[in-house]
Amino acid sequence: MANNERDLFSTEIVNRGIESSGPNAGSLTFSVRVRRRLPDFLQSVNLKYVKLGYHYLINHGIYLVTIPVLLLVFSAEVGSLSKEELWKKLWQDACYDFATVLTFFGVFVFTLSVYFMSKPRSIYLIDFACFQPNDDLKVSREQFIELARKSGKFDEDSLAFQKRILMSSGIGDETYIPKAVIGSSENCATMKEGRAEASMIMFGALDELFEKTKVRPKDVGVLVVNCSIFNPTPSLSAMIINHYKMRGNILSYNLGGMGCSAGIIAIDLARDMLQSNPNNYAVVVSTEMVGFNWYQGKERSMLIPNCFFRMGCSAVLLSNRRRDYRRAKYSLEHIVRTHKGADDRSFRCVYQEEDEQKFKGLKVSKDLIEIGGDALKTNITTLGPLVLPFSEQLLFFATLVWRHLFGAKSAGGNSPSPQKPYIPDYKLAFEHFCVHAASKTILDELQRNLELSDKNMEASRMTLHRFGNTSSSSIWYELAYLEAKERVRRGDRVWQLAFGSGFKCNSIVWRSMRRQKRPSTNPWLNCIERYPVTLSQAP
């Protein structure tokens, strides 16, 4: 096996307990488990994505370069004059050449107007809400398996496989799921059940959002809803418009089939709509219908989503109105999107299809972690120049260029191995990390590759433990966790990172506009004192 292929695997010694029979009866037995892991992508970054990041930086930072130069020239000119000469130029010469002064003033006003008119409007996040289901929908891992057994939909092998996945998933015993899905022998993946679940979680999140912000539904000018699997007609966005009787000229969009990273795509779309529609509010709803995508067959790669996905929904209120500056929680800094759909392996790594028994479900490829790592590598390499301090960019770029210039020559001869690129410290760019809570394995590998601390990953791990994988809304449950802990202060930068089918990896960066006190409504309020849980406490 080649070295680069071998690097994608990790080994783990598993204690299988005391052998009950056979020649080794009464003695401990062990086995070696081989797992795929994320590639060490920070050691193999692609120079073209670094160039793309710098391209974005230069396009948006041209004023940072030109304005200091103009100030320097102006200061040099003024500094060479005495007070009498300066007064003469400002007043006496101007009195005799009023047309020149008027022309200069007109050019100045025109330039200033063009600058402010061409400058993108600031996008503010007023507030957000995350839906918390009722306690009667709460299911522990043992209850999950028992209900699945009683439903009669799964054989013993499928039940045993799901139990193994659950016990090592990082998911706790307080997640939420529609019990009718596995508590009934009938098919629950129907349009009726899907609409019922959608109404419960979307309206629950939106009711809380409108109550917190005191914004009327009729004041909303843009509505974006993303849900990957469940896409009825009329759409989910139409359901919301009908329920809240929103205005007739609202710009509504419904994104489907875009996976767990669609929440950031929806924010990106809402931002574009706000840029072209001044003085407006936009609402973004991110969710997934667990029941409609429930798989009841025997294909193991399609049983995995059953073990991870849980009920959840987030609703976010954005504004481009300047008067909302004072009451906004965050301002939008950057959005970087990466799509690997041109590659066939990436395109099919999370694929919805029917199995041999014609049961519909999501098939998860064994190459998911490897493919996700490649998409993540591209995304953070592009994001780096936009957010990293100059010192980190300089070290990173210098070692990267050195490796590209001299690495191949060193690798081909007997000289020492080529110098590895400097691994940027993303902890210097962000104070808070909200990484999509997909699974414990993925979070472990991301922490190792990005060299993040346990504190950095706390919000993601605790969200996975408490709410499970809530798809595109998980990054908002993580931000709600940080607010419940009162950790977000004025000026702090929050990095939300999500990835999903396609294959896509998307990043969004927010800057806190004030210290975020513990909100009055938050899905963590009734349990925040118990978190974070340690591995010994986590069941």
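Numbers below:
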item	result
Matching option when the condition is within 29 Å of residue 171 (Cβ to Cβ) and open to solvent by 10 Å² or more (accessible area, probe 1.4 Å), among 257, 312	257
Selection from the range 262-300 of residues that are part of a helix (DSSP H, G or I), of a type outside the set (Val, Ile, Thr) and either touching a Ser or Thr at 6+ places or on another chain (Cβ under 7 Å) or within 11 Å of residue 224 (Cα to Cα) (or both)	262, 263, 266, 268, 269, 270, 271, 273
The range 254-279, residues that are of a type outside the set (A, V, I, L, M, F, W, C) and in contact with a helix residue (DSSP H, G or I) (Cβ under 6 Å, 6 or more places away or on another chain)	254, 263
Test result for residue 416, assigned to a helix (DSSP H, G or I) and at pLDDT below 85	no
Residues within the range 450-480 that are within 19 Å of residue 372 (Cα to Cα) and touching an Asp or Glu at 6+ places or on another chain (Cβ under 6 Å), tallied	2
Any hit, the range 252-265, residues being free of Cβ contacts under 8 Å to residues at least 40 places away in the same chain, farther than 18 Å from residue 131 by Cα and among the β-branched types (Val, Ile, Thr)	no
Of all residues in the range 208-223 being assigned to a helix (DSSP H, G or I) and either free of Cβ contacts under 8 Å to residues at least 60 places away in the same chain or of a type in the set (A, V, I, L, M) (or both), the one that is surrounded by the fewest Cβ atoms within 10 Å (Cβ to Cβ)	218
Which numbered condition residue 291 fails, given (1) of a type outside the set (Ser, Thr, Tyr); (2) in contact with a strand residue (DSSP E or B) (Cβ under 6 Å, 6 or more places away or on another chain); (3) within 15 Å of residue 470 (Cβ to Cβ)	(2)
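The values are calculated or read from the model by the stated rules, or taken from the named source; none is laboratory data. Just so we're clear, the structure is a prediction, and the values are computed from it rather than from any experiment. As a convention, Cβ positions derive from the backbone with ideal geometry for all residues, glycine included, and neighbour counts pool all protein chains shown. Keep in mind that these areas ignore ligands, DNA and RNA; they rest on the heavy atoms of the full protein, side chains included. Shrake-Rupley method; radii C 1.70, N 1.55, O 1.52, S 1.80 Å.
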